[in-house]
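The values are calculated or read from the model by the stated rules, or taken from the named source; none is laboratory data. Computed from a prediction, not measured in an experiment: that's the story for all the values here. We place every Cβ from the backbone using ideal geometry, glycine too, and count neighbours over all the protein chains shown. Ligands, DNA and RNA are excluded from the accessible area calculation, which covers all protein heavy atoms including side chains. Shrake-Rupley method; radii C 1.70, N 1.55, O 1.52, S 1.80 Å.
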Amino acid sequence: MAEASAPVSHAMITALAPSPDDVLLELAGGTGELAEALAPRVGRYIYTDFAPAMVEAAKRRGIPGVEHRVMDMQAIDLPDATVDGVLCRYGYMLVPDPALAFQETRRVLRPGGRVALATWAAARHNPWATRFGPVLIERGLVEPPKPGEPGQFALGEPEQIEALAREAGFTEVAVEEVETQFRFDDWEDYRGVMTSLASSLSQTLAGLDESARAEVDEAARARFELFGTGSNYVLPARALVARLS
């Protein structure tokens with residue numbers, strides 16, 4: 001994930017344009033990759049994630065000067081106008097109420113503050129993540145995502161991000177597409193990564209009998225094989241990176 005997300009992280013840092021005296025807040029910080037890259041460059045860095053396990057993983061990086069906190073981005077536990085910048089990679093799309101998360105983000109920003117965020121673009125632009133899902137939906141094993149439901153592609157269109165941002169009070173909104181790719185050695189490599197990233201996929205596959213699981217695997221693998229290069233497999237990905245102010 002870190003390797004494939006490197007172009008996305010670079011675009012976010014460029015959009016945020018941090019200054020040495022800045023106070024930065026990271027939402028849904030995951031294992032702390034962005035904190036490691038940015039904390040040495042700013043005055044104060046507040047890392048947060050909703051999952052205590054993620055916060056502990058980020059702490060293990062041992063990044064000097066980072067404040068680690070468990071926090072819900074829909075209820076940011078900071079006073080108004082506290083930070084100069086907010087960054088969030090792959091977080092807003094997963095919360096039950098993204099409008100509230102955008103409003104909370106706007107609340108804690110100082111005048112002139114800015115936000116850099118990333119979401120995955122629509123599913124059609126992300127073959128890396130969509131080898132299993134359509135197979136399961138076509139067989140009636142999972143329900144298709146409902147409009148407005150949190151999920152990986154819930155904010156996959158630039159217009160959705162812009163609407164949420166302007167509703168929250170941001171006046172400047174710029175969204176760019178960032179292309180990247182995921183590399184896998186073989187089918188087993190891909191399957192292992194996908195089931196480790198998506199607990200719902202892992203649980204669904206585990207709940208199938210052996211015959212059904214083999215059928216799903218075969219169908220998903222056929223879609224995966226389309227991206228073979230001869231020595232490995234390269235699956236395209238696209239993210240949306242937005243700068244708000």
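Quick notes on this structure:
- Taken over segment 124-151, the criterion of being modelled with pLDDT under 95 and touching a Phe, Trp or Tyr at 6+ places or on another chain (Cβ under 9 Å) is satisfied by Pro145 alone.
- Condition met for Ala53 (in a helix (DSSP H, G or I) and hydrophobic (A, V, I, L, M, F, W, C)): yes
- Qualifying residue in segment 113-128 (condition: open to solvent by 40 Å² or more (accessible area, probe 1.4 Å) and more than 19 Å from the chain's Cα centre (by Cα)): no
- Scanning segment 188-218 for residues that are surrounded by fewer than 17 Cβ atoms within 10 Å (Cβ to Cβ), among the hydrophobic types (A, V, I, L, M, F, W, C) and either in contact with a helix residue (DSSP H, G or I) (Cβ under 7 Å, 6 or more places away or on another chain) or closer than 23 Å to Glu143 by Cβ (or both) yields a total of 6.
- Summed over segment 1-29, residues that are loosely packed, with under 15 Cβ neighbours inside 10 Å and under 27 Å from Leu78 (Cα atoms) total 6.
- Residue match in segment 168-184 (condition: free of Cβ contacts under 8 Å to residues at least 24 places away in the same chain and exposed (fewer than 14 other Cβ atoms within 10 Å of the Cβ)): no
- Restricting segment 64-77 to residues that are open to solvent by 20 Å² or more (accessible area, probe 1.4 Å) and in a loop (DSSP other than H, G, I, E, B) leaves a set whose member that is modelled with the lowest pLDDT is Gly65.
- Pairs with Cβ under 9 Å, 6+ apart, first in segment 34-58 and under 20 Å from Ser5 (Cα atoms) and polar (S, T, N, Q), second surrounded by fewer than 19 Cβ atoms within 10 Å (Cβ to Cβ) and at pLDDT 95 or above: Thr48/Glu67; Thr48/Arg69; Thr48/Val70; Thr48/Asp72; Thr48/Asp77
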